[in-house]
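S.K.: Here you go, one structure.
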Amino acid sequence: MEAISVFDMLKIGVGPSSSHTLGPWRAAERFLHELQSEHHALCDIVRVQCVLYGSLALTGHGHGTDVAVLMGLSGANPVSVPLDQVQAVPQAIYRDHVLNLGGVHSIPFDAEIDLDFRFSEVLPYHANGMILRAFSESGTILYEGTYYSIGGGFVVKEGEQNQPVEQQAVLPYPVNSGKDLIGHCGLGQACISDIVFQNEQHWRAPADVREGLWEIWACMRDSVYRGCHTEGTLPGGLDVSRRAAAINKRLLPDAEYHSAHEWMEQIRYSKPDFSRTLKWIGCFAMAVNEENANFGRIVTAPTNGAAGVIPAVLMYYYCFSGEEVDRERILRFLMTAGEIGSLFKKGSTISAAMGGCQAEIGVSSAMAAAALCEGLGGTTAQSLMAAEIAMEHHLGLTCDPVGGLVQVPCIERNSMGAIKAITAAKIALESDPDKAKVSLDAVIKTMWETAQDMNTKYKETSQGGLAANIAISVPEC
């Protein structure tokens, strides 16, 4: 199986969807790079076309797939692009019929023709397929690429599905199952984050691992903070009101602070009762996903639609667990979460278009549960048990976004996933894993079998469930 870094599972990007926004954005970027590596100058291109298939087409407008493709073709980087450009640039392309290819070469672009949504067609490898083409003045295709957005911002090009084993990274502690983790950790009485840190040094220097993880945490923290201080209505036509800011005001009415850190310290020392703690957890999770729905910058964890679960549980860990959570413990939390996510990607899927929402909220809840359990002193076996419990109670969860928007029921589901993660961690800490009836490996296998049995209309198509019973017309960019 492939070697997966924590930085593959936790990526800084732009909402609202990892598979429908970040993935197509990265595919368009890759297309431009490959085009130029084939010795085709951008100035030789007079037209580009993007054909979207299956789930990418069915929920493309609601998930901002058109926005993502246009931003990628414009040469913008989702990690650093100014957020006010994310919608402004595509709107200008729609209005003026001009695309600045790679940010350096202007060509005509007619979205009605050059963005081709094939609603009833699916490419063979994955439900999220797309083809990008570049044309010369004579109409000849100079370059064509077929790409699959396979969940969590991961992109695979046609022909790369079965990478030769000899081309894959060989890590000091290869992990393809929970059983592998138990074995590695048991040898030296290490914890999951210890194993992850050793493996990460295959790709990066230790200082770079720590710095990169701290940037991930800073983005998570800032997305929680922005979401808790931004009011208004989310875009897309469903007219969903943002709620996190109002909850924050009610829970912390007279506080004075000037930064996210000061705000967190105020929450930490407010010592809320159980009811208020629950409200804070829901507030944290919804804040992130309200930012995500507004094309904000968040961390794909492991997907955009589930981006609020891990930050909310990490905020709980920092503010309410009673532990002294310093920088090192935050980094360990993220490493453990990333490792658990990689097990689901290897053994099942993190794509809602393949597995429904169990692949998004379910996986993020399992990731957060294991990380919290380890952070609170749990053994490796207890941490894996926490992940198993969290996923066990998300099995079969469908993905039925109303209007193709990552809003209803997605935003509230993040708060549910966070609460389940905390509950799972607490149960595991009070349990003997040797007496468990279900292993994490068994639940991952079960999740994949459930995904294969699930009706296609419940896999991010907006053709079933809530989406079929709530009528909405989603406008184009």
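The values are calculated or read from the model by the stated rules, or taken from the named source; none is laboratory data. Note that the structure is predicted; figures quoted are calculated from it, not measured. So basically every Cβ, Gly included, is an ideal-geometry build from the backbone, and we count neighbours across all protein chains shown.
S.K.: What are the pairs, 6+ residues apart or on separate chains, where a residue within the stretch 234-262 that is more than 20 Å from SER415 (Cα to Cα) and touching a residue at least 60 places away in the same chain (Cβ under 8 Å) has its Cβ under 6 Å from a residue that is charged (D, E, K, R) and exposed (fewer than 14 other Cβ atoms within 10 Å of the Cβ)?
M.R.: Within 6 Å, no pair qualifies.
S.K.: Are any of the residues in the stretch 39-51 surrounded by fewer than 22 Cβ atoms within 10 Å (Cβ to Cβ), within 19 Å of the chain's Cα centre (by Cα) and on the phi < 0 side of the Ramachandran plot?
M.R.: no
S.K.: OK, next. Looking at LYS279, LYS249, LYS271, can you tell me which residue is more than 21 Å from the chain's Cα centre (by Cα) and in a loop (DSSP other than H, G, I, E, B)?
M.R.: Numbers: LYS279 fails: in a loop (DSSP other than H, G, I, E, B); LYS249 fails: in a loop (DSSP other than H, G, I, E, B).
LYS271 is the lone residue from the list that is more than 21 Å from the chain's Cα centre (by Cα) and in a loop (DSSP other than H, G, I, E, B).
S.K.: Further question: Name the residue that is surrounded by the most Cβ atoms within 10 Å (Cβ to Cβ), counting only residues in the stretch 400-419 that are aliphatic (A, V, I, L, M) and not in a loop (DSSP other than H, G, I, E, B).
M.R.: Restricting attention to the stretch 400-419, the residues satisfying the condition of being aliphatic (A, V, I, L, M) are 402, 405-406, 408, 411, 416, 418-419.
Keeping just the survivors that are not in a loop (DSSP other than H, G, I, E, B) gives 402, 411, 416, 418-419.
Working: VAL402: 24, ILE411: 26, MET416: 17, ALA418: 33, ILE419: 19.
The extreme case among them is ALA418.
S.K.: For the stretch 226-264, enumerate the residues that are farther than 30 Å from ALA467 by Cα and in contact with a helix residue (DSSP H, G or I) (Cβ under 9 Å, 6 or more places away or on another chain). Can you show your working first?
M.R.: Let us first name the residues in the stretch 226-264 that are farther than 30 Å from ALA467 by Cα, namely 249-264.
Within the stretch 226-264, ARG250, LEU251, LEU252, ALA255, GLU256, TYR257, SER259, ALA260, HIS261, TRP263, MET264 meet the criteria.
S.K.: Shifting gears a bit: Among the residues of the stretch 323-373, which ones are buried (at least 24 other Cβ atoms within 10 Å of the Cβ) and of a type in the set (Asp, Glu)?
M.R.: GLU339, GLU360 - these are the residues of the stretch 323-373 that are buried (at least 24 other Cβ atoms within 10 Å of the Cβ) and of a type in the set (Asp, Glu).
S.K.: Here is a check on your reading of the model: is GLU460 closer than 20 Å to SER120 by Cα and either surrounded by 17 or more Cβ atoms within 10 Å (Cβ to Cβ) or in the same structural domain as LEU376 (by TED's automatic domain parsing) (or both)?
M.R.: Working: closer than 20 Å to SER120 by Cα: yes; either surrounded by 17 or more Cβ atoms within 10 Å (Cβ to Cβ) or in the same structural domain as LEU376 (by TED's automatic domain parsing) (or both): yes.
So GLU460 passes the test.
S.K.: Based on this model, can you work out whether CYS185 counts as at pLDDT below 95, of a type outside the set (Asp, Glu), touching a Cys at 6+ places or on another chain (Cβ under 9 Å) and outside the structural domain of LEU32 (by TED's automatic domain parsing)?
M.R.: On the way: at pLDDT below 95: yes; of a type outside the set (Asp, Glu): yes; touching a Cys at 6+ places or on another chain (Cβ under 9 Å): yes; outside the structural domain of LEU32 (by TED's automatic domain parsing): yes.
Yes; evaluated as a whole, the condition is true for this residue.
S.K.: Among the numbered criteria (1) closer than 20 Å to LYS249 by Cα; (2) in contact (Cβ under 8 Å) with a residue 24 or more places away in the chain; (3) hydroxyl-bearing (Ser, Thr, Tyr), which one does SER275 miss?
M.R.: (2)
S.K.: Output the residues belonging to the stretch 151-169 that are at pLDDT below 90 and among the aliphatic types (A, V, I, L, M). First the steps, then the outcome.
M.R.: Pass one, the stretch 151-169, residues at pLDDT below 90: 159-169.
Within the stretch 151-169, VAL165, ALA169 meet the criteria.
S.K.: Anything in the stretch 374-396 that is surrounded by fewer than 24 Cβ atoms within 10 Å (Cβ to Cβ) and either in a helix (DSSP H, G or I) or touching a Pro at 6+ places or on another chain (Cβ under 6 Å) (or both)? List them, or say none.
M.R.: Residues satisfying the conditions are ALA381, GLN382, GLU392.
S.K.: Now, a different point. So for the stretch 229-241 (the condition being outside any loop (DSSP other than H, G, I, E, B), under 22 Å from the mean Cα position of the chain (by Cα) and not hydrophobic (A, V, I, L, M, F, W, C)), does at least one residue qualify?
M.R.: Looking only at the stretch 229-241, we keep the residues that are outside any loop (DSSP other than H, G, I, E, B), and these are 233, 241.
Narrowing the set further to residues that are under 22 Å from the mean Cα position of the chain (by Cα) leaves none.
No.
Residues checked against (1) among the hydroxyl-bearing types (Ser, Thr, Tyr); (2) surrounded by 15 or more Cβ atoms within 10 Å (Cβ to Cβ); (3) not assigned by TED's automatic domain parsing to the domain that holds THR303:
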| residue | (1), (2), (3) |
| --- | --- |
| PRO235 | no, yes, no |
| ASP254 | no, no, no |
| PHE274 | no, no, no |
| THR277 | yes, yes, no |
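S.K.: Surrounded by fewer than 19 Cβ atoms within 10 Å (Cβ to Cβ) and at pLDDT 95 or above: is that true of GLN452 in this structure? Break it down stepwise before answering.
M.R.: Values: surrounded by fewer than 19 Cβ atoms within 10 Å (Cβ to Cβ): yes; at pLDDT 95 or above: yes.
So GLN452 passes the test.
S.K.: Let me ask something additional. Read through the list (1) in contact (Cβ under 8 Å) with a residue 24 or more places away in the chain; (2) over 29 Å from GLY308 (Cβ atoms), then give the number of the only condition that HIS39 fails.
M.R.: (1)
S.K.: Same structure again: Using beta carbons and a limit of 6 Å, which pairs, at least six apart or on different chains, have the first residue in the stretch 358-371 and in a helix (DSSP H, G or I) and the second one at pLDDT 95 or above and basic (Lys, Arg)?
M.R.: From the stretch 358-371, the pairs are ILE361/ARG413; SER365/LYS420.
S.K.: Continuing with this model, one more query. Report yes if THR146 is over 24 Å from ALA371 (Cβ atoms), assigned by TED's automatic domain parsing to the domain that holds ARG26, hydroxyl-bearing (Ser, Thr, Tyr) and surrounded by 12 or more Cβ atoms within 10 Å (Cβ to Cβ), otherwise no. If you could, list the steps in order and put the result at the bottom.
M.R.: Working: over 24 Å from ALA371 (Cβ atoms): yes; assigned by TED's automatic domain parsing to the domain that holds ARG26: yes; hydroxyl-bearing (Ser, Thr, Tyr): yes; surrounded by 12 or more Cβ atoms within 10 Å (Cβ to Cβ): yes.
It is true that THR146 is over 24 Å from ALA371 (Cβ atoms), assigned by TED's automatic domain parsing to the domain that holds ARG26, hydroxyl-bearing (Ser, Thr, Tyr) and surrounded by 12 or more Cβ atoms within 10 Å (Cβ to Cβ).
S.K.: Now a separate question. In this structure, does TYR125 turn out to be modelled with pLDDT under 95 and surrounded by fewer than 19 Cβ atoms within 10 Å (Cβ to Cβ)? Don't jump to the end; show me each part of the working.
M.R.: Numbers: modelled with pLDDT under 95: yes; surrounded by fewer than 19 Cβ atoms within 10 Å (Cβ to Cβ): yes.
The answer is yes for TYR125.
S.K.: Restrict the check to the stretch 469-476 and report whether at least one residue is part of a helix (DSSP H, G or I) and either modelled with pLDDT under 95 or more than 22 Å from the chain's Cα centre (by Cα) (or both).
M.R.: Going residue by residue through the stretch 469-476, those that are part of a helix (DSSP H, G or I) are 469.
Adding the requirement that they be either modelled with pLDDT under 95 or more than 22 Å from the chain's Cα centre (by Cα) (or both) leaves 469.
The answer is yes; a qualifying residue exists.
S.K.: Quick test for you: out of ILE427, ILE422, pick the one residue that is crowded, with 24+ Cβ neighbours inside 10 Å and closer than 30 Å to CYS319 by Cα.
M.R.: Details: ILE427 fails: crowded, with 24+ Cβ neighbours inside 10 Å.
Exactly one of ILE427, ILE422 is crowded, with 24+ Cβ neighbours inside 10 Å and closer than 30 Å to CYS319 by Cα, namely ILE422.
S.K.: Same structure again: Do we find a residue being out of contact with any Gly (no Cβ under 6 Å at 6 or more places or on another chain) and within 13 Å of TYR147 (Cα to Cα) anywhere in the stretch 37-53? It would help to see each step written out before you state the result.
M.R.: Going through the stretch 37-53, the residues out of contact with any Gly (no Cβ under 6 Å at 6 or more places or on another chain) turn out to be 37-41, 43-51.
Those left that are additionally within 13 Å of TYR147 (Cα to Cα): 50-51.
Yes: the stretch 37-53 contains one or more residues that are out of contact with any Gly (no Cβ under 6 Å at 6 or more places or on another chain) and within 13 Å of TYR147 (Cα to Cα).
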